[in-house]
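Chemist: Quick one: the structure is below, and I'll ask about it shortly.
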Amino acid sequence: MSLPTKRSTCSSSSSSSAPMKKARNGLQQTPQSGDDDNDRERFPAEEDPTPAAANLSRKKATLPQPTKKKLVIKLNRAKPTLPTNFEKNTWAKLQSAIQAIFLMKPVTFDYEGLYQAVDNLCLHKLEEKLYQQIEKECEVHISAALKSLVGQNTDLSVFLSLVERCWQDFCDQMVMIRSIALSLDRKYVIQNPCVRSLWEMGLQLFRNHLSLAYEVEQRTVTGLLSMIEKERLGEAVDRTLLSHLLKMFTALGIYMESFETRFLECTSEFYAAEGMKYMQQSD
């Protein structure tokens, strides 16, 4: 029986080292070298992502950023010009309406259109001239209304009724004019403290022309004092008429200077006479 050679022994030992070894848990494990080679062929090793990410971020950082452009629109718009005779035609329409109001005739224009006409004049910086034109037109009619009371040879009670009617008409007329020219009050008067509102302007005109019509003012005061004396003596008087005229003097700001002084004098004389009468009766 021949002994195995050294080569064969080595080969057998090498071959015997190839079988799988048992792990501690009893499972068989195959040699890892061949599997690792196969895995490398099927799944090539991935490179480190860090350099690629750095290159990508560098590329993003170096990309040119779009510049922000501003859109500028230049309007070479000329200032709007007024139509020919715009101011003249607009005032003619307003003047016609004011005259109709004072003469208690129907206004041929709609009030919204008149309001817009005033607003347009204010928009084009013509409010100062418009204010002066309205003031002048109001003065003409207020003066005429008070002058019509001069020379009225009527009973004092009738005369007082005429004065009251004149005052009530004036108040209604100024309210209507102010409603048309409301933009004038809001845009011109407010910005100029020294300029009176349309209502205050009307009161001033009425006060001035009442003082010029001295006969009308004095007869009115005399009639009021006569009514008060009659009431003190027990006679029936028109208290509504008396109240309206006294409010007129108060609104015009002439109550103290035109009425109160004479009223106190007459009151003092009346009660002095009444006191003397009771003293004589007691004797």
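Chemist: If I filter the stretch 122-139 down to residues being among the hydrophobic types (A, V, I, L, M, F, W, C) and in a helix (DSSP H, G or I), which single residue comes out as nearest to Gln204 (Cα to Cα)?
Modeler: Among those that are among the hydrophobic types (A, V, I, L, M, F, W, C) and in a helix (DSSP H, G or I), it is Cys138.
Chemist: Residue under question is Phe270, and the condition is that it be modelled with pLDDT under 95, of a type outside the set (Val, Ile, Thr), in a helix (DSSP H, G or I) and surrounded by 11 or more Cβ atoms within 10 Å (Cβ to Cβ); does it hold?
Modeler: Here the answer is yes, as Phe270 does meet what is asked.
Chemist: Related question: If I ask for residues that are part of a helix (DSSP H, G or I), aliphatic (A, V, I, L, M), farther than 15 Å from Met104 by Cβ and touching a residue at least 60 places away in the same chain (Cβ under 8 Å), which ones from the stretch 140-168 would you list?
Modeler: Of everything in the stretch 140-168, those that are part of a helix (DSSP H, G or I), aliphatic (A, V, I, L, M), farther than 15 Å from Met104 by Cβ and touching a residue at least 60 places away in the same chain (Cβ under 8 Å) turn out to be Leu146, Leu156, Leu160, Val163.
Chemist: Identify, by number, the condition in (1) of a type outside the set (Val, Ile, Thr); (2) surrounded by 17 or more Cβ atoms within 10 Å (Cβ to Cβ); (3) out of contact with any Asp or Glu (no Cβ under 7 Å at 6 or more places or on another chain); (4) touching a residue at least 24 places away in the same chain (Cβ under 8 Å) that Glu215 doesn't meet.
Modeler: Among (1) of a type outside the set (Val, Ile, Thr); (2) surrounded by 17 or more Cβ atoms within 10 Å (Cβ to Cβ); (3) out of contact with any Asp or Glu (no Cβ under 7 Å at 6 or more places or on another chain); (4) touching a residue at least 24 places away in the same chain (Cβ under 8 Å), the lone unmet condition for Glu215 is (2).
Chemist: I'm trying to understand the selection: among the residues of the stretch 248-266, which are surrounded by 15 or more Cβ atoms within 10 Å (Cβ to Cβ) and either farther than 24 Å from Arg219 by Cβ or without any contact (Cβ under 8 Å) to a residue 40 or more places away in the chain (or both)?
Modeler: Within the stretch 248-266, Phe249, Tyr255, Phe259, Phe263 qualify.
Chemist: Output the residues belonging to the stretch 148-184 that are acidic (Asp, Glu) and either surrounded by 18 or more Cβ atoms within 10 Å (Cβ to Cβ) or at pLDDT 95 or above (or both).
Modeler: Within the stretch 148-184, Glu164, Asp169, Asp172 qualify.
Chemist: What number goes with the only condition from (1) under 46 Å from the mean Cα position of the chain (by Cα); (2) surrounded by 12 or more Cβ atoms within 10 Å (Cβ to Cβ); (3) without any contact (Cβ under 8 Å) to a residue 12 or more places away in the chain that Phe206 does not pass?
Modeler: Of everything listed in (1) under 46 Å from the mean Cα position of the chain (by Cα); (2) surrounded by 12 or more Cβ atoms within 10 Å (Cβ to Cβ); (3) without any contact (Cβ under 8 Å) to a residue 12 or more places away in the chain, Phe206 misses just condition (3).
The values are calculated or read from the model by the stated rules, or taken from the named source; none is laboratory data. Everything numeric here is computed off the predicted structure, so don't read it as measured data. Quick reminder, even Gly has a Cβ in these numbers, built from the backbone with ideal geometry, and neighbours come from all protein chains shown.
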